[in-house]
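A.B. asks: This structure is in structure tokens; I'll ask about it shortly.
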Amino acid sequence: MKNSLENFCSHCLLSLGSHPTQRIVNGEEHAFCCYGCCLAFQVKHGSREEPEAAWLLVRLGIGGFLSMNIMLFSLLLYSGTFDVADSEMIPKFYWLLGILATPVLVILGGPFIKESWEGALQGRLNSATLISIGALSAYGYSLLMLFTGGENIYFDTATMILVLFTLGRYLEASGRAKAVRNVAPLLEAERQYATVIENGIERLRSIVEMKIGMNVRVRPGERISVDGIVLEGHSSTDESILTGENRPVSKSEGDLVLAGSINQNGSLLIECGALGSNTQWGFLCQSVREALSHPSSIQRLADHAASIFVPIVLSITVLTIIFWQSQIPLNQALLNGLAVLVVACPCALGLAAPLATALGMGQFLHRGCIIRGGEVQETLARIRRIAFDKTGTLTKGATSLIKIENDDASQEEVLQRAAGLEQHSEHSLAHGIVSAAKERKLNIKNPERVQAVAGSGVMGYVEGELTAVGRSEWLKKRGLEMPSSFVKKLRNYESSGQTVVCVGWSGKIHGILLLDDMLLPEVPIMVETLKKLDMRTMLLTGDLPAVASRIAKSAGVDEWKASVSPEEKCTFLEQWGGIEEPVIMVGDGLNDGPVLARAEVGIAVGAATDLARETADLVLPEKGLALLPWVISLSRAVHRTILTNLLWAFGYNLVAITLAVFGLLQPILAAGLMAGSSLLVVFNSLRLEQFPDNPADLAQVKSFISGKMITNFQNTLKFDEKM
């Protein structure tokens with residue numbers, strides 16, 4: 001079966017790039033971003049009974065064994081162990097080294113030579129080009145000296161370069177696989193199979209072959225592949241990847257189970273109700289694929305630098321040899337050029353951004369956050385202004401009816417008409433009105449020709465009469481007169497900061513509904529933490545100034561703007577931030593889709609409506625507003641890690657190539673430094689796995705962000721079985 005993840009490496013799951021390496025493992029075709037991932041994948045997943053996988057391990061063992069022997073014999077020659085009497089033995093040792101080095105060149109150098117040759121045919125140069133030229137140059141020059149009777153033999157250099165690079169690529173690939181293990185389940189979802197019950201017989205079916213209504217058996221430890229209803233069985237499920245909540249959720253007959261959750265302890269029989277993109281899990285999977293497939297601007301810059309890096313290094317190598325050959329023996333000049341070739345490290349440049357981005361995305365997913373990609377993380381890291389919607393974002397969104405003021409109509413009729421118009425609305429005020437009518441067991445009638453005006457109210461025909469529910473100013477504009485007995489009461493209610501909704505029909509306002517929506521308890525701490533992160537905060541709401549002022553004061557936000565429609569919010573955001581200071585907009589996704597789309601970064605909170613999924617750049621889990629400081633801090637840590645990686649990659653190459661040009665590096669040492677350079681980028685990125693979980697612990701967060709490049713080095717090296 002062909003790998004369905006056409007754009008991602010089968011091992012590390014990062015983007016393949018434009019020129020992947022193809023291999024068949026266990027009878028399936030796989031694509032890899034580099035030879036290191038191909039090697040690591042074959043070692044880990046290749047069947048011992050499979051000839052290719054078994055031969056791979058044999059090749060690595062033979063190559064390593066022969067290289068160690070070559071190095072041992074070379075050390076004996078360099079140390080002067082052989083005296084004059086043994087001088088006739090030295091040429092024989094040279095021939096022995098040449099014989100041992102030849103299979104090493106084929107076994108360990110073959111994949112690099114093949115990759116560089118295929119790249120050359122396609123008009124591109126990469127790190128394999130540098131490795132191949134370096135190893136072949138050392139081997140070819142040594143072979144020439146062997147046949148001409150020369151004494152400058154560098155078979156040890158040629159073979160150790162290949163050993164160090166092979167080992168470095170393997171460790172690098174293992175580290176990359178470990179880095180993306182949090183996003184691996186989402187990228188591999190298309191490969192998943194489910195146990196389907198057909199005519200009483202269990203059969204394995206691919207997810208893409210399944211249909212709604214099928215019965216699926218899920219055993220303990222398996223990931224549930226569909227949304228559905230439990231038909232039989234009792235268990236608990238881990239829904240943390242969907243909700244960010246680590247506590248197991250009990251499931252029994254009749255309960256809803258979600259695709260992507262893990263069945264923990266009991267066997268369940270599930271009737272498939274939704275699958276693929278119609279589930280939250282499917283949306284998550286698609287979002288992650290899109291995010292990893294679209295590099296951020298800083299990643300595109302690094303990729304461009306890496307693409308021109310190899311030609312520059314080759315030019316420097318030629319110039320180095322030309323410069324030195326007139327001043328020192330040719331063999332020494334060639335060694336200096338060889339050191340330039342093997343010390344250069346384009347891999348570090350290529351890894352700097354995508355690895356840290358993938359790790360950051362894994363952390364977001366681990367907490368139940370859906371992020372659109374690396375560009376969003378990069379933007380979050382530099383923004384210093386954030387605006388909030390009020391209802392359902394800073395407040396509970398569960399409005400309760402406190403009081404009804406009525407004139408010549410009964411309270412029941414006022415509430416009944418209002419509930420009739422609001423019964424199909426998703427706004428929290430509507431929910432409060434409808435809930436109050438149901439509690440009083442009123443007969444809610446279906447209106448006709450209902451029309452909703454965003455930020456103002458709703459109107460329609462109830463029992464043949466045009467009825468309107470909404471803000472007093474809007475009702476007045478519709479020709480509904482305000483009774484004198486309501487004027488003072490309305491003014492007092494509005495000045496107190498409570499939400500007021502007027503209800504009118506037959507040319508007159510007949511009632512006032514007084515509602516309230518409580519501030520979420522976590523909001524004050526969240527806003528205070530944002531301020532400590534140097535964020536300026538703003539409340540944008542369609543409510544009256546008194547309501548906005550009360551909520552803003554309770555929440556602790558810096559500024560507020562009241563009585564603004566969704567369209568006016570978009571304009572105000574542009575004015576508040578301007579070009580130089582873009583703004584984050586946070587809303588619940590119910591009526592603020594346009595402003596979420598217009599903001600530099602739109603963040604939707606809660607279960608997320610379809611509109612929010614399409615417009616928001618980041619979706620927080622339900623009850624996830626408290627994560628906002630953590631989200632911004634993590635984005636800054638990812639950005640800082642990318643910059644540190646790039647600084648190291650550019651700095652290392654500048655210093656190392658300079659030392660090699662001046663003849664201060666031996667090729668073997670240069671090869672070790674090159675392999676270590678990529679590993680250092682991997683280990684530095686892996687520090688993001690230790691990012692503090694507590695969003696309020698700013699001291700720990702700042703300590704992490706400003707910490708040393710490598711911490712807990714030994715812990716990072718523990719590549720567990722999940723790689």
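A.B. asks: Which net charge results for the neighbourhood of ARG440, defined as the other residues with beta-carbon distances under 14 angstrom from its beta-carbon, given Lys and Arg at +1 and Asp and Glu at -1? Mind dumping the intermediate values first?
C.D. replies: Values: positive: LYS403, ARG417, LYS438, LYS441; negative: GLU412, GLU413, GLU439.
With Lys, Arg at +1 and Asp, Glu at -1, the net is +1.
A.B. asks: Once you list every other residue whose beta carbon is under 13 Å from the beta carbon of GLY556, what net charge do they have if Lys and Arg are +1 and Asp and Glu are -1?
C.D. replies: Once positives and negatives cancel, what remains is +1.
A.B. asks: Taking a quarter of the surface of the Cα convex hull of segment 400-516, what do you get in nm²?
C.D. replies: Working: hull surface 25.7 nm².
About 6.4 nm², averaged over all directions.
A.B. asks: Taking the beta-carbon count within 10 Å as an exposure proxy, list GLU622, GLU689 from fewest neighbours to most.
C.D. replies: GLU622, GLU689
A.B. asks: Give the calculated FRET efficiency between HIS234 and GLU198 to the nearest 0.05, with a Förster radius of 30 Å applied to their Cβ-Cβ distance.
C.D. replies: 0.80
A.B. asks: A further question follows. What are the ³J(HN,Hα) couplings of segment 619-629, residue after residue, when phi is run through the Karplus curve with 6.51, -1.76, 1.60 and θ = phi - 60°? Round to Hz, x for glycine and proline.
C.D. replies: Per residue, the Karplus-derived 3J(HN,Hα) values read 10, 7, x, 4, 6, x, 4, 5, 7, 4, x Hz.
A.B. asks: May I ask you to evaluate 6.51 cos²θ - 1.76 cosθ + 1.60, the Karplus curve with θ = phi - 60°, for each residue of segment 634-639 and list the ³J(HN,Hα) values in order in whole Hz, giving x for glycine and proline?
C.D. replies: 5, 4, 5, 5, 4, 4
A.B. asks: Turning to a different aspect of this structure: Starting with the fewest neighbours, write out GLU118, GLU439 ranked by other beta-carbon atoms found within 10 Å of each beta-carbon.
C.D. replies: If I rank by nearby Cβ atoms, fewest first, I get GLU439, GLU118.
A.B. asks: With r as the distance between the Cβ atoms of GLN286 and SER307 and R0 = 22 Å, compute the FRET efficiency 1/(1 + (r/R0)^6) and round to 0.05.
C.D. replies: E between SER307 and GLN286, to the nearest 0.05, is 0.15.
A.B. asks: Let me ask something else. What's the center-to-center distance, using Cα atoms, between segment 503-540 and segment 550-587 in Å?
C.D. replies: 13 Å
Every number in this text was worked out from the coordinates using simple rules, so none of it is lab data. Since this is a predicted model, take the numbers as computed values, not measurements. So basically every Cβ, Gly included, is an ideal-geometry build from the backbone, and we count neighbours across all protein chains shown.
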